[in-house]
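Notes follow once the structure below has been shown.
Every number here is computed from the coordinates shown, using simple stated rules; none is lab data. Everything numeric here is computed off the predicted structure, so don't read it as measured data. With ideal geometry, Cβ positions are generated from the backbone for all residues, glycine too; neighbour counts draw on all protein chains shown.
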Amino acid sequence: MGKKADRLNEFCNRLRLAQYMRIDDITEAFNVSEATARRMCADLEETGSAIRTFGGIKFISDIQSSSYSFDMLSLESAEEKKRIGAYSAALVEDNDTIFLSGGTTVFAMAIELANILRTGKIENLNIMTNSIVAAEILSPIIPVTLTGGEYRPERRDTAGIIGEKTVNNARFSKCFIGVDAVDLKAGLMTWDIETARLDQATLRHSSQAYLLLDSSKFQKKTAINYEELSAEYTIITDSRIDPEILSYSRNSGIKLIVV
């Protein structure tokens, strides 16, 4: 085992104990430059043991994506998801190229978008998605491009390196991302690294990004915190949101729409 591999192994062991390390922590622990610390983070992420976050890196625990169940979540906050879906679908315009992520709230949007498309009100729309259920709803009305990758029955979607490469070769005028959980200070959260990587790639390649989540998602915590909230992102949620969270979002400049 070479010097670089030894250091990466030690890095992984340290991160496993700490769970999260900042770039400054890494430079101090290994006496390396910030650029080297960032390369170490990238190398460790490639092993699937960790995921990079803004300013650091987080160890991935043994919590599996089975913590997520599309069937069970589809029964929760159904009316709220329908309102969010209707509002989001109305944002789609002529000549858009959009991405629809997996998740039950984005699925609610797909149903509403299908109703709009049947009226012929939107022209020249291009849709890409990793959601099998969204594709099933929309494909009888309009051509839909699937990202490909490994099928995940618990999420009813696909993910993995093939899907990431597909997204990295695309450009979207708008993306609509379902979020497992969110903290306005810490950012977006999900249960698994595959979802995190695909969402990150989609956000990077979209001119406008909409985060669709019912208000209960502000109270949840998941395994991976993967993306800081950007001023370029717009959250769409429902009226059951905690007033304190709503006030914080307005005072901190976070774009948040309540429907």
Considering only DSSP beta bridges whose two residues both sit in the chain, what percent are antiparallel, to the nearest 5? 40 percent
Stretched fully, the stretch from Arg250 through Tyr151 gains (0.36 nm per residue minus C-alpha distance, one decimal, in nm) 31.8 nm
Modelled label-to-label distance, Thr47 and Gln219, 7 Å Cα→beta-carbon offset: nm? 3.9 nm
Could you name the lysines in cross-link range of Lys220, using Cα to Cα under 25 Å and dropping any fewer than eight places away on the same chain? Lys58, Lys81, Lys82, Lys185, Lys255
Cβ-Cβ cut-off under 13 Å around Asp199, Lys and Arg +1, Asp and Glu -1: the net charge is -4
Stokes-Einstein D in µm²/s, Kirkwood radius over Cα pairs - the range 149-259 at 25 °C with 0.890 mPa s viscosity: 169 µm²/s
Zone residues, the range 178-209, relative to Ala231, backbone N less than 14 Å from point 7 Å out along Cα-to-Cβ: none
